[in-house]
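Report on the structure given below.
The numbers here are math on the coordinates, done by the rules we state, and not lab data. Please read these numbers as outputs of a predicted model, since none were measured by experiment. Because the Cβ atoms are built from the backbone with ideal geometry, glycine has one as well, and the counts that use them run over all protein chains shown.
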Amino acid sequence: MNTKNEAATPTTLGLMKYVHVLFFAGALVFGWLFVKLIETVWTSLNLTFTEVPAPKNWIVILSGGGLAVALAVYLWRHPKVNRLTVEIINELSKVTWPTRKELSASTVVVIIISVIASIIIGLFDFFWWWATDLIYL
């Protein structure tokens, strides 16, 4: 029995839920974008040409959502895109995220360094203001 493959399979299958969520979220975002794009184009055509009727919300939403679902299914079935997405999720699962204590300590360090840097830059600014005031007067 190959225990290495058995141990890797649940992890890979467990990570596939994130791939599904990623494609679903992408479909939602593209659906919203497609609805806005169709609505804008249709409204512009309606204002330009009197023959074009006013946009109907249910048609715009169905067409934008349909385009988004079609795009998501196409990208899901595309081998390169699907493989890339799975590889990205696998790499992100290997990331070691900082603990709350490490994050708090890092945040304090960044704030202190920012204050020190702004004081130094302020002192340089004051010095150059003083020096140029002496030269130009």
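Expected output is a single nm value to one decimal: the length gained when fully extending between L37 and E91, i.e. 0.36 nm times separation in residues minus the C-alpha distance. What is it?
Working it through step by step, the gained length comes to 16.0 nm.
Restricting to lysines 8 or more places apart or on different chains, can you count the pairs in the chain with Cα atoms under 22 Å from each other?
Number of lysine pairs found: 6.
Filter the DSSP H helices in the chain by two things, a Kyte-Doolittle mean of at least 1.0 and an axial alpha-carbon span of 18 angstrom or more, and list the hits by number.
57-77, 100-136
Pull out the extension gain between K101 and A117, defined as 0.36 nm times the separation in residues minus the alpha carbon to alpha carbon distance; nm, one decimal.
So the extension gain works out to 3.3 nm.
Mind sorting W128, W97, W42 by how few other Cβ atoms lie within 10 Å of their own Cβ, fewest first?
W97, W128, W42
Using Cα extents along the principal axes in Å as the read-out, say which of [x] 43, 36, 28; [y] 73, 71, 26; [z] 60, 36, 26 was calculated from these coordinates.
Checking each listed value against the structure points to [y].
So if each residue of separation counts as 0.36 nm, and I subtract the Cα-Cα distance between R83 and F126, what length gain in nm does that give?
So the extension gain works out to 9.9 nm.
For T48 and L28, what is the calculated FRET efficiency with R₀ set at 22 Å and r taken between the beta-carbons, to the nearest 0.05?
Step by step, r from the Cβ atoms, then E = 0.10.
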